[in-house]
Amino acid sequence: MKSNSMNKLFTGAFAALIIAVGVLGASGVEAGTLENLERERAMAVKTMLDPEIRPHERHAKLNTFKRRLVDLERMVLRDKKLRGRNTPNVRKAFENYDLTFMAHSAAEKNTGIMDNWLAQLGLTTQSIMSASIRRR
Amino acid sequence: MSKSDLLYTSRERVRLGFVLPSLIAAGLLVAQPLAAPAAAATKSPSWNPKASEKLIKLPASYLKKSIDHDFAESELGLAIQSTSEKADLKIDTLRDLQESIERAEGELAMELRHQFLAEKREFVNLLSDKNELRRKHLKTKQRLYERMLRKLGDEKAAMTPVRQKLIDKQDEAAARFKSSIDKVDMHIFQSTSAPTSKYAKKYSENMAVIEKLVARIQSHKMSLSIQVDGQPLTKQEYLRQLVAGVQAEVSILEQEETILGYMAKLVALDALDLSEQAFDADLADSDQPAEPSLARAANFFVSN
């Protein structure tokens, strides 16, 4: 009788542990945090390069992007499912922290997102100002 | 078993003469190498554990317990338990018979000795069956541990240089993020008037709860790692230790089979002895005249 109840107890505990292992193993957002970040980043870059909008509009839009990017970048950096996932997208994303996590990188350096991004591509205000216009 | 069941008439001794040789034959059979017999005849009980991902991920302290529990509930585990119980009962029967033999005399003692031998033979058979099942259990357990070790090895081998480089980069990114998070928060929330995002708010609330739970898990006695001489063991080391333990059990089992072999041989020798005594007693009771001696017959030839 006693061993029966012990058996039941053990089975219950074992089942709970299996569920815990399963749940912890499956943690992480299914939709793809990196893909969401890439989409938002692409929109931010498009806004940076859009010649149609005025500077103060661009600044306002980028501020909105910045807040969303901060959250999305954190989701990627905290996503355990990405750890060791050896795909071209993931490899590329972690290749250059400053380009992928542009909002964090800019905040770290106390600069704007656009300045930081352009600097990463080798385009500083100085280099642009010192460039001369030539005919090709 | 009532006492009247044990009473045989002298006529039934003849039957004893038939029974004993079969007892001897059975005893000698049991004395043969014990590896092959019992299980081969009918479908033997089995235990089929799987080295699943979930089993491999279990904490080391719980791994052995869960495997043992799975075995205890399997067909094979139940069969071993049932055979052990039968063997225990048989020991009680043997003890009772031994005490009865000490008190009995004459024919009754002879019959009791016969019963005692038959029960001993049964006992040896039971233990032989149990050892077969135990061997099967140990072999299955050993294969399971080895499969788990192989799987753990495979996971390690899957770490290619490119993947390792990626993990290093991810670790670097995580470390940089961790060290800069306060600065980033200050920069973003000072420069804008908008409140903290819903994600950031919920995340920090949940994080506080997670930290509490993790602290409790780490201090929980069931999640503490297995230690040997104060040194914590990795899961692979622990599995290797379990495999060594199983191999030790197999060695002990083989030694026990030798003991069982000797017991069976003794049963056979006792049966021979009892058979001889019964045969001598038969001759003593017989009405048939003794073999005529040639010396006594010689008189018939010389007197005339």
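Scan region B:104-133 for residues that are of a type in the set (Gly, Ala, Ser) and either in a helix (DSSP H, G or I) or surrounded by 21 or more Cβ atoms within 10 Å (Cβ to Cβ) (or both) and jot them down.
To start, the set of residues in region B:104-133 that are of a type in the set (Gly, Ala, Ser) comprises B:104, B:106, B:109, B:118, B:128.
The answer is B:Gly106, B:Ala109, B:Ala118, B:Ser128.
I'm told A:Glu73 meets every condition in (1) in contact with a Ser or Thr (Cβ under 6 Å, 6 or more places away or on another chain); (2) charged (D, E, K, R); (3) buried (at least 20 other Cβ atoms within 10 Å of the Cβ) except one. Can you identify the failing condition by its number?
Every condition holds for A:Glu73 apart from (1).
Residue-by-condition table, conditions (1) within 29 Å of A:Leu99 (Cβ to Cβ); (2) modelled with pLDDT of 90 or more; (3) of a type in the set (Gly, Ala, Ser):
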residue	(1), (2), (3)
B:Glu146	no, yes, no
B:Ala173	yes, yes, yes
B:Gln190	yes, no, no
B:Gln218	no, no, no
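What are the pairs with Cβ atoms under 6 angstrom where one residue, in region A:108-136, is on the phi > 0 side of the Ramachandran plot and the other, located anywhere, is assigned to a helix (DSSP H, G or I)? Sequence gap at least six, or different chains.
Cβ pairs passing all conditions: none.
Can you tell which of A:Arg54, A:Arg78, A:Arg83 is away from chain B (no Cβ under 11 Å), charged (D, E, K, R) and surrounded by fewer than 16 Cβ atoms within 10 Å (Cβ to Cβ)?
On the way: A:Arg78 fails: away from chain B (no Cβ under 11 Å); A:Arg83 fails: away from chain B (no Cβ under 11 Å).
Being away from chain B (no Cβ under 11 Å), charged (D, E, K, R) and surrounded by fewer than 16 Cβ atoms within 10 Å (Cβ to Cβ) holds for just one of A:Arg54, A:Arg78, A:Arg83, which is A:Arg54.
Across region B:158-173, what is the number of residues that are exposed (fewer than 14 other Cβ atoms within 10 Å of the Cβ) and at the interface with chain A (Cβ under 7 Å from one of its Cβ atoms)?
So the count comes out to 1.
Based on this model, can you work out whether A:Ser127 counts as farther than 16 Å from B:His187 by Cβ, more than 8 Å from every other protein chain (Cβ to nearest Cβ), more than 12 Å from the chain's Cα centre (by Cα) and assigned to a helix (DSSP H, G or I)? Can you show your working first?
Numbers: farther than 16 Å from B:His187 by Cβ: yes; more than 8 Å from every other protein chain (Cβ to nearest Cβ): yes; more than 12 Å from the chain's Cα centre (by Cα): yes; assigned to a helix (DSSP H, G or I): yes.
It is true that A:Ser127 is farther than 16 Å from B:His187 by Cβ, more than 8 Å from every other protein chain (Cβ to nearest Cβ), more than 12 Å from the chain's Cα centre (by Cα) and assigned to a helix (DSSP H, G or I).
Residue check, B:Ser128 against (1) small (Gly, Ala, Ser); (2) in the same structural domain as B:Ser44 (by TED's automatic domain parsing); (3) modelled with pLDDT under 85, all met but one. Which one?
Of everything listed in (1) small (Gly, Ala, Ser); (2) in the same structural domain as B:Ser44 (by TED's automatic domain parsing); (3) modelled with pLDDT under 85, B:Ser128 misses just condition (3).
Inspect all residues belonging to region B:42-53 and state whether any of them is hydrophobic (A, V, I, L, M, F, W, C), modelled with pLDDT of 50 or more and touching a helix residue (DSSP H, G or I) at 6+ places or on another chain (Cβ under 6 Å).
Step one: filter region B:42-53 for residues hydrophobic (A, V, I, L, M, F, W, C), giving B:47, B:51.
Within this subset, residues satisfying the condition of being modelled with pLDDT of 50 or more are B:47, B:51.
Still in the list and also touching a helix residue (DSSP H, G or I) at 6+ places or on another chain (Cβ under 6 Å): B:47, B:51.
Yes, that holds for at least one residue.
The values are calculated or read from the model by the stated rules, or taken from the named source; none is laboratory data. As the structure is a computational prediction, the values presented were derived from the model and not from experiment. Cβ atoms come from the backbone with ideal geometry, glycine included; neighbour counts cover every protein chain shown.
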